[in-house]
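Beneath this line is the structure, given in structure tokens, with notes to follow.
The values are calculated or read from the model by the stated rules, or taken from the named source; none is laboratory data. Predicted, not measured: the structure shown is a model, and the values here were computed from it. Note that each Cβ is placed from the backbone with ideal geometry, even for glycine, and that neighbours are counted across all protein chains shown. For accessibility, only protein heavy atoms count, side chains too; no ligands or nucleic acids. Shrake-Rupley method; radii C 1.70, N 1.55, O 1.52, S 1.80 Å.
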Amino acid sequence: MPTILTPEEPTVRPVPEPKPEERLRRDRPSLGDWLDLRLGWWGFVRKNLDEPMPPGVGWWQTLGNLLLTLLVFQFVTGFALAMYYSPSPTDAYRSVKHITEEVTLGSFVRGLHVWGSTVIVIVTVLHILRVFFWGSYKKPRELTWVVGVIIFNLILAFSFTGYLLPWDQKAYWATVVGTRIAGTVPVLGHALMLLIRGGEEVGALTLTRFYASHVMLLPALLMVFTGLHLYLVRRHHIAGPVLPQKGRPTPFYPVQLFKDAVVVLGGMGIVVYLALAFPPALEAMADPSGTDFAPRPEWYFLGLYELLKIMPAGYEVVATLVIPGGISLGMLLLPWLDRSPSRHPARRQWIIVLGTAIILLIAIMTLKGILETPPPGHGSGHAGLPVTLDRPLA
Amino acid sequence: MKNSHDQADASLDGQLKPTRRRLLGWLVAGINLVVAGVVVGPVLGYVASPLRRKAKSEWVPVLDEAELPVGQTREASFVLRIRDGFAETDQKYSVFLHRTPDRVMAFDPACTHLGCRVKWMGDKDRYFCPCHGGVFNADGKVVSGPPPKPLEEYPVKVEDGRIWIQKKV
Ligand code: HEM
Ligand code: FES
């Protein structure tokens, strides 16, 4: 493994850095030295900036860093939202309305959080796809992948719990259906649903449970697993292209870091644009007695939603548990399912074909769901019914 | 079994016998387990508290009997004062009432598939679920779509000219 990596020989040799002991003996250390002698962080920073990037690493490897940045932004905007939010059925809706309509820049901050979550899901999927097609989950990076799969599920849990918080019709009914999905688990289903809802019905305790998870439990878990992920990424170094390319590795700084920065700028630009151009909506307040609302989940769960439509009676557990659970389990076990030592797609055809087929099916189902589900704002009334009425009545 | 700790650090505390070292190691593990258990156990019980809540049943009048002719289906709504966790609220509910020649049936509007609220379409004589295409007939039986069971029926009684249903809250 190469130690110090410089793209080309510098023309002027830098003065070698004094050893820590020497610097310690100086009478008047600079503030930087003083701190470094105590924190010892400069070596750590240096090591990371010098991290070797195999030739061929480039734009595809910027997605992880973009995710990291977007997550930090979610944390910041989430903190801001929490300051004006109140998690109770009487106040939640009003507080979100207050944020959106009265707080300075409230609609924008909320928009950043809402659109940020959508962009994070998209970027996460892209990141997973790139790792999948590059075969970077193979030895010795199995656990980097496994931790990644856990992170992916945490992100979906974030979105599911966050969706309820505004306590509008959309939030309420998507959660009624979403939590009932847990109820379809054989034997334990009902208990599981009670635990998630905090009672028989979606109500005050569901809201506090979702809130506590969204702002305490999930962020804590996400931080632990993201930290572990990054540690593992550094420990095993970036895998590089499937076929090793000619040339020497280059240090992470400045070329790759610059690409990372460009992508972060672009990603943030997209989130800011979306937040400004499509400010977050708020529908009518949740009405548990209403019978004229067509629930719809967040768009990336629409594939699952479509799957539920085509499952015959009595087999819903296939759509709610077997298929999603199977995909999750398959993802977790991927490094052991695909045991071929080669990362080249041609050498692991079956997993590439199977993976691509599953990805395409999910994409098609999601697209179908998006096309068949009325856009927000048409929620009340007979949304979704035309589809049903086209069917012959048996 | 010797692990690397036992070997690597043996020089540092040569006074301690390996058995004693290991015993202390186990004690530390045990103490940590107890400490963690003291926090985690009660918290788990606390989180699981909703499992212990028993539902009560209440009879509520929902409609005057005269307003439901034979063969008809109607939606009625009623309000119950319920305890929703920390809150006491007046919760509004709906129920579908259907009168056959010999009795009155009352259906919970929650679709038995995944709980969306079904809608009664009188002209089609069917309930339609807006979510995944569940369809039920006037007797609450599944006609098509994914719902696994008929609509849930509430116990009904007719007293003093009013229709009462029994709801668990
Ligand atoms: C919060 C979400 C995540 C963050 C912040 C994150 C961050 C990163 C970063 C910074 C890298 C190195 C640069 C790159 O390849 O883009 C990386 C690599 C990697 N990530 Fe993630 N990641 C996340 C989610 C995931 C998920 C969901 C998976 C898989 C299911 C995953 C699997 C991997 C693997 C296997 C590598 C190593 C790639 C290689 O060595 O070429 N990550 N991640
Ligand atoms: S909830 Fe009614 S069909 Fe799925």
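Here A:TYR163 fulfils each of the conditions (1) in contact (Cβ under 8 Å) with a residue 60 or more places away in the chain; (2) open to solvent by less than 20 Å² (accessible area, probe 1.4 Å); (3) in a helix (DSSP H, G or I); (4) more than 16 Å from ligand 2 (Cβ to nearest atom) apart from (2).
Exactly one of these conditions fails for A:VAL185: (1) within 14 Å of chain B (Cβ to nearest Cβ); (2) without any contact (Cβ under 8 Å) to a residue 40 or more places away in the chain. Give me its number. Of everything listed in (1) within 14 Å of chain B (Cβ to nearest Cβ); (2) without any contact (Cβ under 8 Å) to a residue 40 or more places away in the chain, A:VAL185 misses just condition (2).
Let's see how each residue does on (1) of a type in the set (Asp, Glu); (2) within 14 Å of another protein chain (Cβ to nearest Cβ); (3) buried (at least 20 other Cβ atoms within 10 Å of the Cβ):
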{"site": "A:VAL202", "(1), (2), (3)": "no, yes, yes"}
{"site": "A:TYR231", "(1), (2), (3)": "no, no, no"}
{"site": "A:PHE252", "(1), (2), (3)": "no, no, yes"}
{"site": "A:LYS259", "(1), (2), (3)": "no, no, no"}
{"site": "A:VAL263", "(1), (2), (3)": "no, no, no"}
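Could you please give the count of residues in the range A:238-293 that are within 30 Å of B:PRO109 (Cα to Cα) and free of Cβ contacts under 8 Å to residues at least 24 places away in the same chain? It would help to see each step written out before you state the result.
Residues of the range A:238-293 that are within 30 Å of B:PRO109 (Cα to Cα), as a first pass: A:281-293.
So of that shortlist, the ones also free of Cβ contacts under 8 Å to residues at least 24 places away in the same chain come out as A:289, A:291.
Number of matching residues: 2.
For the range B:140-155, a residue qualifies if it is buried (at least 20 other Cβ atoms within 10 Å of the Cβ) and of a type in the set (Val, Ile, Thr), and exactly one does: B:VAL142. Among the residues of the range A:181-199, those identified as open to solvent by 50 Å² or more (accessible area, probe 1.4 Å) and in contact with a helix residue (DSSP H, G or I) (Cβ under 7 Å, 6 or more places away or on another chain) are A:PRO186, A:HIS190, A:LEU192, A:LEU195, A:ILE196. Applying the condition of being among the hydrophobic types (A, V, I, L, M, F, W, C) and exposed (fewer than 10 other Cβ atoms within 10 Å of the Cβ) to the range B:1-25 and asking which residue is modelled with the highest pLDDT yields B:LEU12.
Identify, from the list A:PHE293, A:PHE258, the residue that is among the aromatic types (Phe, Trp, Tyr) and closer than 18 Å to A:ARG180 by Cβ. I'd like the intermediate steps shown before the answer.
Numbers: A:PHE258 fails: closer than 18 Å to A:ARG180 by Cβ.
Of the residues listed, the single one that is among the aromatic types (Phe, Trp, Tyr) and closer than 18 Å to A:ARG180 by Cβ is A:PHE293.
Here B:GLU58 passes the criteria (1) within 13 Å of another protein chain (Cβ to nearest Cβ); (2) open to solvent by 30 Å² or more (accessible area, probe 1.4 Å) except the one numbered (1). All conditions in (1) touching a Ser or Thr at 6+ places or on another chain (Cβ under 8 Å); (2) closer than 30 Å to B:MET121 by Cα; (3) part of a loop (DSSP other than H, G, I, E, B) hold for A:PRO295, with the sole exception of (1). Strands (runs of 3 or more DSSP E) fully within the range B:117-165 that include at least 2 residues being more than 7 Å from every other protein chain (Cβ to nearest Cβ) and more than 22 Å from the chain's Cα centre (by Cα): B:119-121, B:135-137, B:156-159. Just one of the numbered conditions (1) surrounded by fewer than 21 Cβ atoms within 10 Å (Cβ to Cβ); (2) in a loop (DSSP other than H, G, I, E, B); (3) under 21 Å from the mean Cα position of the chain (by Cα) is not true of A:ALA212: (2).
Within the range A:314-341, residues that are away from chain B (no Cβ under 14 Å) and free of Cβ contacts under 8 Å to residues at least 60 places away in the same chain have Cβ atoms under 6 Å from residues that are assigned to a helix (DSSP H, G or I) and open to solvent by 40 Å² or more (accessible area, probe 1.4 Å) in these pairs: A:SER340/A:ARG347, counting only partners at least 6 apart in sequence or on another chain.
Provide a single number: the residues in the range B:51-105 that are part of a loop (DSSP other than H, G, I, E, B), without any contact (Cβ under 8 Å) to a residue 24 or more places away in the chain and over 23 Å from A:ALA286 (Cα atoms). Spell out the reasoning first.
Residues of the range B:51-105 that are part of a loop (DSSP other than H, G, I, E, B), as a first pass: B:53-56, B:68-72, B:85-86, B:100-103.
Those still in the list that are without any contact (Cβ under 8 Å) to a residue 24 or more places away in the chain too: B:53-54, B:85-86, B:102.
Imposing the further condition that a residue be over 23 Å from A:ALA286 (Cα atoms) reduces the set to B:53-54, B:102.
Matching residues across the range B:51-105 total 3.
Residues in the range A:283-326 that are touching a strand residue (DSSP E or B) at 6+ places or on another chain (Cβ under 7 Å) and surrounded by 20 or more Cβ atoms within 10 Å (Cβ to Cβ) were compared, and the one that is nearest to B:PRO146 (Cα to Cα) is A:PHE293.
Let's see how each residue does on (1) modelled with pLDDT under 95; (2) more than 9 Å from ligand 1 (Cβ to nearest atom); (3) touching a helix residue (DSSP H, G or I) at 6+ places or on another chain (Cβ under 8 Å); (4) within 14 Å of chain B (Cβ to nearest Cβ):
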residue	(1), (2), (3), (4)
A:LEU39	yes, yes, no, no
A:LEU67	no, no, yes, no
A:ALA80	no, yes, yes, no
A:ARG110	no, yes, yes, no
A:GLY116	no, yes, yes, no
A:LEU129	no, yes, yes, no
